[in-house]
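Contents: one structure, followed by commentary.
Quick note: the coordinates plus some simple rules give every number you see, no bench work behind them. All of these numbers come straight from a predicted model, not from anything done at the bench. Positions of Cβ are backbone-derived with ideal geometry, glycine not excepted, and every protein chain shown enters the neighbour counts.
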Amino acid sequence: MGMLVTSLASGLLLGCAYAGAAVGLSLAMGMARVFNLAHTALGLTCGYLAYFLLTTAGIDPMVAVGLLAPLMFLAGLALWPTLFRPTVRGVADPALSTSILTLGLAIVLENALSKVWTPNPRIMSTPYSNQAITLFGFTVQGSLVVAAVLGLLLVLGLHWFLNRTFIGLAIQAVAQEPDGARLVGIRAELVSMLVFALSVGTAAIGGVGLAMIYSFGPASYFDWLLTVLLIVVVGGAGAILGTLISALGVGLVLGLGGALLPQAWNSLILFGLLLTILLLRPYGLFK
Amino acid sequence: MTVIFMYIALSESWTILGGYAGYVSFGHVAFFGIGAYTTALLLLHVGVNPLFSFPLGGVAAALFAAVVGYPIVRLQGPYFSIVTLLVALLTSLVVKNTPALGGTTGLWLPLPDMPIELNRTTFYWFMLFMALVATGVTAWVENSKLGLGLMAIRQNEAVAEAAGANTTYIKLAALVLSAGLTGMVGGIYGYLRSYVTPEIVFDLNIGVTLFLMALFGGCRRWQGPVLGAVILSVLGEFLTLNIGEEIARIAYGLCLVLVVFFPDGLVGIIDKITVNRKVAFGGKHAVER
């Protein structure tokens, strides 16, 4: 019984961490029509950079996130006009063309990572990563708590930004009615660029969070991507709080599955769930 | 050369649905693997040589496509792509956990009892045969009623549907045909490697490479995949031998990025150049495809 409760608690925390990794993709898919298959690959790149900073300069991953997220935001600003705008504009199905583009990007990133850091798996070890922390009577791993707090802060921060600031409201306006938004003077092109950059910036936070929990190799982005896609599809693309809720659900499934079933079953459940939901309700469960 | 022929056959068969209809399947390697396992099992349990039974591999893959295909072809855009990818992952996962299929260790196939050179040339001729068959079928589809329906779907599916075309049936037929050809190639490949494991025959790199080649060459016409498969196989082999496998994969990834900017691939570029020349010299205008 105790083990079950503990795995429930760590499942919820895992869900929060995954919410951080998924929320950016949800934003890009729902508000900028970009189907970014490189989302977790970008996150994983940041995970490797954080690992590099930790092992060479002793910089804590939490500090590294503060450095990497703005950097990735700038990278997003640079990527939009060069690669993404031409693929979104004037294309019959922007989601399909961006998915091919980002699949290419993900392959490039994966192999560049494996070239630089070898394919061997890495583990980020911080003073708190293996420390047992007792929260409300449950004992959980330290790094899991840190990653969960990062993810939760990110999701809540984005929710606040989208609903309480002028730019956030403009983003929602463009997502709902691009032509109408243009009529009232919103520069939809700039807004899409901003959404994409935000999404890439949050990929850094989510990626470092996941890299703190799991041991990771260059191919890890693929498993992360499938989990994150499941979360986004269940939550509905563009729905921030929906993403959080579905991430908590997926976290519970992963946490319980990890405790009760062998490893192979875990991915079977994950793929099977994603397949079923995509076949039955590709636009999300709550829409 | 055998590998080049294999990729010509694979990307040609992918083009039937992925190119003409614009339904980009990421998971065609599932059909490839099913073909390989079918012929492997037939060899081990019934004793039929895969060089005779490889059409049965195609039949098995086509049957599989017909069974799972119906709900899948009704999805659109990237959702179709992701679901095909998941089908490939799930099939490989099921095979890995089925002891009768050898699990993760796979199945050893005793090689044909003949000298190694003859063995090599045999596979060479069979892959050449498959490349010719796949190219022929794809070229035939391009000018058939099926191809017309597929291209109508690519241009505007709603209009095609409204004009009375049964789009779901057309897409399913294309998927089954494409899967059958892919499965036949897989059936030969498993015997060529003489070792069938989920890692080898459900390798997602094969799945991505085959459609990259089609897209790169230009998948609106049957000439494109041949061009793409030849150029990219040579490039990949050259980079792997001289610099490293990772660099070769990075080059493939970059090609995939590039392809998005030239949706008609190399064939499209060549067309544009020749058409411009014709116009400049007062020739006939090319018919819009």
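Across peptide A:88-99, the average count of Cβ atoms from other chains found within 10 Å of a residue's Cβ is 4. Put simply, the amide H of B:V48, placed in the peptide plane, has neighbours under 5 Å in B:L43, leaving out anything fewer than 5 places away on its chain.
Enumerate the aspartates and glutamates that A:K115 could reach by cross-link, defined here as Cα to Cα under 13 Å, with residues fewer than 8 away along the same chain left out. Once the sequence-local aspartates and glutamates are set aside, what remains near A:K115 is B:E245, B:E246.
Hydrodynamic radius of chain B by the Kirkwood approach over all distinct alpha-carbon pairs: 19.4 Å.
Eigenvalues of the alpha-carbon gyration tensor of the range B:1-134, scaled by 5 and square-rooted, set the equivalent ellipsoid semi-axes at 27, 20, 12 angstrom, largest first.
Based on alpha-carbon atoms, the Kirkwood radius and the radius of gyration of the range A:34-218 give Rg/Rh equal to 1.03. Ordered from longest to shortest, the equivalent ellipsoid semi-axes for the protein assembly as shown are 40, 31, 22 Å, each the square root of 5 times a Cα gyration tensor eigenvalue.
Computed on the range B:154-289, the Cα convex hull volume stands at 159 Å³ per residue.
Along the charge dipole of the range B:2-203, pointing to its positive end and built from +1/-1 on Cβ of Lys, Arg, Asp and Glu, which listed residue (B:I200, B:V73, B:M151) has its Cα farthest out? Value: B:V73. Its Cα centre serving as origin, chain B has a Cβ charge dipole (Lys and Arg +1, Asp and Glu -1) of approximately 660 debye. Round to the nearest 0.05 the FRET efficiency obtained for B:W140 and A:N266 when R0 = 41 Å and r is the Cβ-Cβ distance. The calculated FRET efficiency here is 0.35. Summarising the label geometry, the points placed 7 Å from Cα in the beta-carbon direction at B:I200 and B:F238 lie 2.9 nm from one another. Angle of helix A:142-164 to the longest C-alpha principal axis of chain A, folded into 0 to 90 degrees and rounded to 10: 20°. At q = 0.10, 0.11, 0.19, 0.20 Å⁻¹ the log10 of I(q)/I(0) for the range B:93-236 amounts to -0.47, -0.56, -1.23, -1.28, computed by Debye summation with a single uniform scatterer per C-alpha, solvent ignored. Summing Lys and Arg as +1 and Asp and Glu as -1 over all other residues whose Cβ lies under 9 Å from the Cβ of B:A139 gives a net charge of -1.
Straight Cα distances below 14 angstrom link B:K96 to the aspartates and glutamates B:E199, B:D203, with same-chain residues fewer than 8 positions distant left out. Evaluated with a Cβ-only charge set (Lys, Arg +1; Asp, Glu -1), the range A:34-218 carries a dipole of roughly 140 debye about its Cα centre, given to the nearest 20.
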